[in-house]
Amino acid sequence: MTRGYDLAIVGGGTAGIIAAKTAGGLGARVVLVERDRTGGDCLWTGCVPSKSLIAAARAAQAMRAAGRFGITPVEPRVDFAAVMTHVRRAIERIEPVDSPRALAVAGAEVIAGTAQFSGPEELRVDGRSLRFRYALIAAGSAPALPPVPGLAEVEPLTSDSVWDLAELPERLVVLGGGPIGCELGQAFARLGADVTLIEADGRLVPREEPQASIALSATLSADGVRVLTSTTVTKAVRHADGIRLELSGHDLDVLDADRVLVATGRRPRTAGLGLERAGVRLDERGYVAVDAKLRTSNRRIYAAGDVTGAPAFTHVAGMHGSIAATNALLVPARRIDHDRIPWVTFTDPEIAHVGLTEAQARHRHGGAVRVRLLRHEHVDRAVVEDDTDGFTHVVLDAKGRVLGATIVAPRAGEMLAELAGLVARRGRLRDLAPVIHPYPAWSDAVWNAAVAEAGEALHAPAMRRLTGALLRLRRAR
Ligand SMILES: Cc1cc2nc3c(=O)[nH]c(=O)nc-3n(C[C@H](O)[C@H](O)[C@H](O)COP(=O)(O)OP(=O)(O)OC[C@H]3O[C@@H](n4cnc5c(N)ncnc54)[C@H](O)[C@@H]3O)c2cc1C
Ligand SMILES: NC(=O)c1ccc[n+]([C@@H]2O[C@H](COP(=O)([O-])OP(=O)(O)OC[C@H]3O[C@@H](n4cnc5c(N)ncnc54)[C@H](O)[C@@H]3O)[C@@H](O)[C@H]2O)c1
């Protein structure tokens, strides 16, 4: 039996790592158990490889699209193996930050193995007992396969296995038009694959503003991706020439492919954790149920990151890890508000989002909700880059406070931060108007929206009366 730990963490992804580093920094006795590789999905199979692939795909597309700048466009020769080497190199460069060594330096002990709760105050790792004052479940999520007959037999790729591809599939069908399907579908198309994207919903990225889905569909189609919405696969079979998919909801009844990439959502990694022995309850979707302070039904056990069913993003997992560690070890005072988190879908154009969509805001706040929409046709940065199709869409309450925002633009992710700041502190859009923004940056779009908002306030009847009176007074002197 080992001496008790202040905090025992199950899972060494972003949530577990940040919790371990936070606890280590506080001087706590902390242990982290990881059964695979520290770094988790983000480093090995998620954000890092996908954004590296997207960077390569963007370079290929820039060569094809150079004609609009007066430069002879060329069809790039893509060496897929070399592209994957670039992807692996990016992982290697980031890996040391998440390594067991970095965790040890931060004051956390790392144990390799599979952790399982044996009771409300004890974990077991390969026969070894770890007693804890507090524990954190940070076991993450895994790709979920939809129940399509024959799908499992055609060896579908998922975001876990796609990184092992040695060759670019000639014909790739991507199942699911969420962030993974759209990001990877566009990247594979730009690298030269013939891509079909199948989405069950009526539009791509259904959690975004409808205009964002329309803009994304248009670019994907221009990239040569065949986008089939309101469509599902009813059967998959392997045949001599690859894989045949039977479709429902579309004129096309069958579709042939070399590989299928499934990106239809996630499931929590809760199986085998022994949660029932620890008195930890799951919610109706099978995720670990937590309150706003990330406490589970066992007050000694917290949960963080994807395993809680919160929006599955690295920055959310990291914030969860920090909150859970300090709440457990110090005072349970910090809360997470998932209504205010930002995220970015790294397609081209990027779709950056924070807070409520217009529909969500109207549902909660009724008719007082307003939208300030600024199309990027007159944003000078967009004009000089010949990329004016995007927009900045800000959802406001009756007092002009920002409830949510969506930006569609090549650098939308970089433009979102100050709107995320306003959402976090319940600020008004017009509060940004006096803040000088550098010209001609993409952030000019956000500033233009704020200036338009402030200008409108100047035209309100009371303000008109005041400015009119002032003018008359000055003229009379
Ligand atoms: C293709 C793709 C692209 C993505 N892109 C982005 C992006 O651009 N931006 C963004 O913010 N998010 C992105 N995400 C989401 C992001 O990767 C996840 O939200 C994040 O990694 C979740 O972190 P986590 O710590 O909750 O879980 P994970 O990273 O899954 O870590 C959980 C860890 O727990 C370990 N584990 C599980 N059970 C046990 C056990 N019993 N014992 C010991 N260890 C165990 C696992 O091996 C794993 O290492 C992407 C995801 C994917 C798949
Ligand atoms: N840039 C980022 O931050 C980023 C990138 C990738 C993934 N992620 C995270 O990972 C999570 C998982 O991504 P995801 O795209 O797998 O899941 P998702 O749940 O976000 O999207 C899945 C999509 O598949 C569709 N779908 C479901 N079943 C289907 C079926 N049988 N046929 C066709 N379509 C079907 C859904 O309607 C949905 O649009 C995301 O929600 C996100 O939180 C983030």
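Where a number appears in this text, it was derived from the coordinates with a stated rule and is not lab data. Since the structure is predicted, the reported quantities are computational estimates derived from the model, not experimental observations. Cβ coordinates were reconstructed from backbone atoms using ideal geometry, including for glycine residues, and neighbour counts include every protein chain displayed.
Here are the numbers:
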item	result
Listed residue (Val254, Pro268, Val290) projecting farthest to the positive dipole end of segment 240-290, Cβ model	Val290
Efficiency of FRET from Cβ geometry, Arg277 and Arg35, R₀ 22 Å, rounded to 0.05	0.75
Tensor-based shape of the chain (alpha-carbon gyration tensor, a/c under 1.5 rounded, otherwise prolate or oblate)	oblate
Relative contact order of the chain, defined on C-alpha pairs under 8 angstrom at six or more residues apart (%)	14
Extreme residue, positive dipole direction of segment 66-124, given options Leu103, Val74, Phe117 (C-beta unit charges)	Val74
Two-site label geometry, Glu153 and Glu95: point separation in nm, points 7 Å out along Cα→Cβ	3.8
Total formal charge among the other residues, if their Cβ is under 10 angstrom from that of Ala57, Lys/Arg +1 and Asp/Glu -1	-1
Most to least packed among 140-147, 212-219 [average Cβ atoms within 10 Å]	212-219, 140-147
Placed amide H near Leu136: partners under 5 Å, 5+ positions off or other chain	Ala8, Ile9, Val10, Tyr302
Efficiency of FRET between Ala106 and Ala476 - r from beta-carbon atoms, R0 56 angstrom, step 0.05	0.20
Helix-only [θ]222 nm of the chain, DSSP H runs n ≥ 4, -39500 (n - 2.57) each, per residue, nearest 500	-10000 deg cm²/dmol
For segment 115-127, Karplus couplings with θ = phi - 60° (6.51, -1.76, 1.60), whole Hz, Gly/Pro x	8, 8, 6, 9, x, x, 10, 9, 10, 10, 10, 6, x
FRET efficiency for Ala81 and His338, using Cβ-Cβ distance with R0 set to 60 Å, rounded to 0.05	0.90
In order through segment 98-113: 3J(HN,Hα) via Karplus (6.51 cos²θ - 1.76 cosθ + 1.60), integer Hz, x for Gly, Pro	9, 6, x, 5, 4, 5, 5, 4, 7, x, 10, 7, 10, 10, 8, x
Segment 349-461: relative contact order as a whole-number percent, Cα under 8 Å and 6+ apart	28
Compactness relative to 2.2 N^0.38 Å, alpha carbon Rg of segment 152-265	0.99
Stretch gain in nm, segment Ala218-Ala59, where the contour uses 0.36 nm per residue and the Cα spacing is subtracted	55.3 nm
Positive minus negative residues near Pro76 (Lys, Arg vs Asp, Glu; Cβ under 13 Å)	+2
In nm, spacing of pseudo-spin labels at His239 and Arg133 (7 Å Cα→C-beta vector)	6.5
Chain lengthening between Arg207 and Met463 when straightened (0.36 nm per residue, less Cα-Cα)	88.3 nm
Within segment 212-236: backbone nitrogen closer than 12 Å to the His250 label point (7 Å, Cα to C-beta)	225-234
Charge-dipole axis of segment 393-452 as Lys and Arg at +1 and Asp and Glu at -1 on Cβ define it, positive-most pick from Ala445, His393, Met415	His393
Ordering of 347-357, 269-279, 453-463 by burial proxy (mean other Cβ atoms within 10 Å per residue, highest first)	347-357, 269-279, 453-463
Test item: Cα-centred dipole of segment 93-209, Lys/Arg +1 and Asp/Glu -1 on Cβ, debye	520
Ordering of 258-266, 291-299 by packing [mean C-beta count within 10 Å, highest first]	258-266, 291-299
